[in-house]
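What follows draws every value from the coordinates through simple rules; no lab data is involved. Note that the structure is a prediction, hence the values are computed from the model and not measured. Reconstructed Cβ throughout: ideal geometry from the backbone, glycine too, with neighbour counts over all protein chains shown.
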Ligand SMILES: Cc1cc2nc3c(=O)[nH]c(=O)nc-3n(C[C@H](O)[C@H](O)[C@H](O)COP(=O)(O)OP(=O)(O)OC[C@H]3O[C@@H](n4cnc5c(N)ncnc54)[C@H](O)[C@@H]3O)c2cc1C
């Protein structure tokens, strides 16, 4: 029997990157919010620069419990057997924004208009076969004020490339116009970054420093980055990484309107007799509670967003909540960030200190920034040369056929070369397809007995061609900078569980093909909203979190403004 | 949780880390908080073990330890370039982890080490320990490539090999807090200048000018950091978190 709790205005499921943002505008509007978070609280004292704990053992006591226990299964196609994969996300207040890399990109204008822009420039037959991609229900201009909001409220460092149409050659000339500069200058470059930038310029490209949700100097009374080298999958010991745990969440709590409940795992979203969301059921220490709410916001990361909806079956929604059109789980894709390229240089890169959000980007080959008339794909890749090196991972470097993997010869090799390689993965445009989707696994269950998500998905021709193309460009860049050996990884097969996972509850005007409307609210359940990558219908060629957070703020703003209309229903 | 009062890692290494030296009967409570597996004494040395001049491990049996030591000594040998895995305390790292984070690998060690010895006898006429360095290497190459006599290894010898190699690198290049990388041997080998909590632009410049001196500090020499605990360590999964996550 569930214990009934006192009702609230809004319940947010998950206080990660997306949910942790939405609570602030709601609380500031005077709305009572309860944030239910499956994880606990971690602080800067938990963030030791310890590679074994953070990287080798994957955050033993901070994250792995829930996400690992419910790690999705995956298979390339519906005829293949699904296998269990990993799940690198965090369970804690702040969610994965605690230990993510914090590259903080806006999407480019093209990403919102992939279909219409492709048809206009190249013809309808250039939309890849089987893709279910749609234009977003709005363009870049609509989301720009929210990008700006996130950049200033959380703190994003970077170099503007286009302020109100005026191009600044130090920034990305291809970015959409922004109203103002970033609130902080970009993270510093090392000598290697300078070398890569010079090489890009010689090739006629436009290198610029990437944007980061990391303080390049002190901001909002928090420190600037210390560049200590343990940012990858590690939290920040000086709170220079602008996780929601140190920005929006405490500010929302300070209003007195946000109550954070930790250790609360939501298992179902409940509905009333009219088919409206009535609240959520959660489990804490083996006990079950029912938390009534006037509005429910699901912000539990892409897999759990779809899973919670699919698990919440009722008479009104027999196939799962908000799934009477059969769209929950559809239009799923894992961002193609594989197909790595690794280079060996004849000099030390001096990359022991620094972070993956610090580096040189090139956008010339992303989106529709170049003419695709002579190519057989649409979209592209963002090239990115960052800093990321730690001793154990350095010792595992590919010896490129120049030495064995152990013994005295290896020792000699690693002594010389541990700091001489550089790898890049390059974010690539990834599209949704008819036969890539999420559903509930028929056999694999989590410890509560609930089925886990099953991913059915593979990268298709368009993604694989971009991968090949991006490897060509990356190799060209490395060689220009002096690389003496370059190797490439495979161009992509099955889609495993990803840190960049999109779709499942896509946003769009058409309820036949989308779960949520342009505001992020369910087409079928007017007082249910969804936050995170699950609402995004395109990926662009860059990391997703900035867009998720801009959308989360926008949804929360909408709820605050339309409160009377939304709760009266 | 509050950080227990910790004696500096270096003091600890000086005190108990000298393999083969007389045992220091270190009262565990003095060294570290009770639940703190990571910072447990370098090895629980009994007076019997000390009398025999040999380190006694918590989880590995004496014969497993001998075989494993001989194996890691070939993976990262002491040579003209400097000390190797044995000197760095890689065995201590693995032994300790087998009781916590790597507990699920315990059986694979027992089976794999026995199989290694059997394969050496079957193919080279002598147990692994009786072989000279060159023959040990050639046995290990077979184990690595999976070209061993069928039936000797349960499952796949390559898997066993890469497991031991992976753990050897963790012990060699991980934070000394976990029992390996003694005297920062591993970090010096890679020319890694060490764990720092602040790296200024000037530090980076001096690194680029080859002038940044290794600082030889464990992350946990910084009092601010909460240490991994035994209880939590046990939930660990041994996976490479460096995969494809950004
Ligand atoms: C190593 C790494 C590096 C990354 N680097 C970048 C980067 O550089 N740039 C970028 O843009 N993105 C990056 N990402 C991706 C980024 O972390 C995600 O896009 C972002 O965190 C997703 O936000 P979210 O709120 O949907 O999920 P999360 O931030 O994961 O938050 C979800 C929260 O919901 C909670 N939760 C889940 N289920 C339930 C439930 N049933 N009940 C209650 N609570 C629940 C979780 O505990 C968690 O706190 C990275 C990810 C990883 C793992």
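Within segment A:235-258, find all residues whose amide N lies under 16 Å from a label point positioned 7 Å from the Cα of residue A:45 along Cα-to-beta-carbon.
What the label zone holds, given the 16 Å backbone N cut-off, is A:236-239.
From other protein chains only, count the Cβ atoms within 10 Å of every residue's Cβ in A:228-238, then give the mean.
Whole-number average of other-chain Cβ neighbours for A:228-238 is 3.
Give me the extension gain from residue B:158 to residue B:198: residue separation times 0.36 nm, minus the current Cα-Cα distance, reported in nm with one decimal.
10.3 nm
Residues of B:206-212, mean number of Cβ from any other protein chain within 10 Å of their own Cβ, rounded to a whole number?
Neighbouring Cβ atoms belonging to other protein chains average 3 per residue here.
If r is the Cβ-Cβ distance from residue A:375 to residue A:141 and R0 is 25 Å, what FRET efficiency results, to the nearest 0.05?
The calculated FRET efficiency here is 0.35.
Rounded, prolate or oblate, given the Cα gyration tensor of segment A:166-242, with a/c below 1.5 counting as rounded? It would help to have the intermediate numbers written out before the result.
Numbers: a/c = 2.73, a/b = 1.43, b/c = 1.91.
Judged from the Cα gyration tensor, segment A:166-242 comes out oblate (a/c at least 1.5, b/c at or above a/b).
How long, wide and thick is segment A:1-87, going by the Cα atoms along their three principal axes, in whole angstroms, largest first?
Result, largest extent first: 47, 42, 30 Å.
Enter the angle in degrees (range 0 to 90, nearest 10) between the Cα long axis of helix A:461-480 and the first principal axis of the Cα atoms of chain A, meaning the one along which they spread out most.
Compared with the principal axis, the helix lies near 40 degrees.
Considering the zone a paramagnetic label at residue A:1 would reach in this model (a point 7 Å from Cα along the Cα-to-Cβ line), which residues of segment A:288-306 have amide N under 17 Å from it?
A:288-291
May I ask you to sort A:410, A:110 by Cβ crowding, counting other Cβ atoms within 10 Å and putting the fewest first?
Ordered by Cβ neighbours within 10 Å, fewest first: A:410, A:110.
Tell me, what is the Rg over Rh of segment A:277-362, with Rh the Kirkwood radius over Cα pairs?
Working: Rg = 22.1 Å, Rh = 17.7 Å.
Expressed as Rg/Rh, it is 1.24.
Looking only at segment B:125-156, which residues have a backbone nitrogen under 18 Å from a spot 7 Å from the Cα of residue B:63 in the C-beta direction?
Taking a point 7 Å out along Cα→Cβ of residue B:63, the residues of segment B:125-156 whose backbone N falls under 18 Å are B:125-131, B:152-154.
Between rounded, prolate and oblate, where does the protein assembly as shown land on the alpha carbon gyration tensor, with a ≥ b ≥ c its root eigenvalues, rounded for a/c under 1.5, else prolate if a/b exceeds b/c?
Judged from the Cα gyration tensor, the protein assembly as shown comes out prolate (a/c at least 1.5, a/b above b/c).
Taking the highest mean first, how do the peptides B:125-133, A:456-464 order by number of other beta carbon atoms within 10 angstrom per residue?
A:456-464, B:125-133
Along Cα→Cβ, 7 Å out, is where each label goes; now give me the distance between the ones at residue B:145 and residue A:261 in nm to one decimal.
Spacing of the two 7 Å Cα→Cβ label points: 6.2 nm.
Rank by packing, highest mean first: peptides A:132-141, A:169-178, B:171-180, with packing defined as the count of other Cβ atoms within 10 Å averaged across residues.
B:171-180, A:169-178, A:132-141
Working out 0.36 nm times the residue gap between residue A:191 and residue A:167, then minus their Cα-Cα distance, what length gain in nm do you get to one decimal?
Working it through step by step, the gained length comes to 6.1 nm.
Taking each residue in B:177-187, count the Cβ atoms of any other chain within 10 Å of its Cβ, then average. What number comes out?
2
Cut-off is 10 Å between beta-carbons; in what order do A:43, A:8 appear when sorted fewest neighbours first?
Listed from fewest to most nearby Cβ atoms, that is A:43, A:8.
Given the rule -39500 (n - 2.57) for each run of at least 4 DSSP H residues, summed and divided by the residues of the protein assembly as shown, what is its mean residue ellipticity at 222 nm, to the nearest 500 deg cm²/dmol?
Details: 23 runs with 231 residues, N = 815.
It lands at -8500 deg cm²/dmol.
Could you line up B:167, A:523 from fewest to most neighbouring Cβ atoms inside 10 Å?
If I rank by nearby Cβ atoms, fewest first, I get A:523, B:167.
Starting from the Cα of residue A:254, step 7 Å along the direction of its Cβ; do the same at residue A:69; then give the gap between the two resulting points in nm.
Going from the residue A:254 label point to the residue A:69 one covers 3.5 nm.
So if R0 is 41 Å, what FRET efficiency would residue A:476 and residue A:122 give, r being the distance between their Cβ atoms, rounded to the nearest 0.05?
Given R0 = 41 Å and the Cβ-Cβ separation, E is 0.95.
For chain A, what proportion of DSSP beta bridges, expressed in % and rounded to the nearest 5, is antiparallel? Each step should come with its number before you reach the end.
Working: 49 of 75 bridges.
Taking every DSSP beta bridge within chain A, about 65 percent pair in antiparallel fashion.
Kindly give Rg over Rh for segment A:224-309, based on alpha-carbon atoms, with the Kirkwood expression for the hydrodynamic radius. Walk me through the intermediate numbers first.
Working: Rg = 17.1 Å, Rh = 15.8 Å.
For segment A:224-309, the value is 1.08.
Quick one: grab the alpha carbon gyration tensor of segment B:69-114, order the square roots of its eigenvalues as a ≥ b ≥ c, and give me rounded if a/c is under 1.5, else prolate or oblate depending on whether a/b is larger than b/c.
Numbers: a/c = 4.06, a/b = 1.88, b/c = 2.16.
Oblate.
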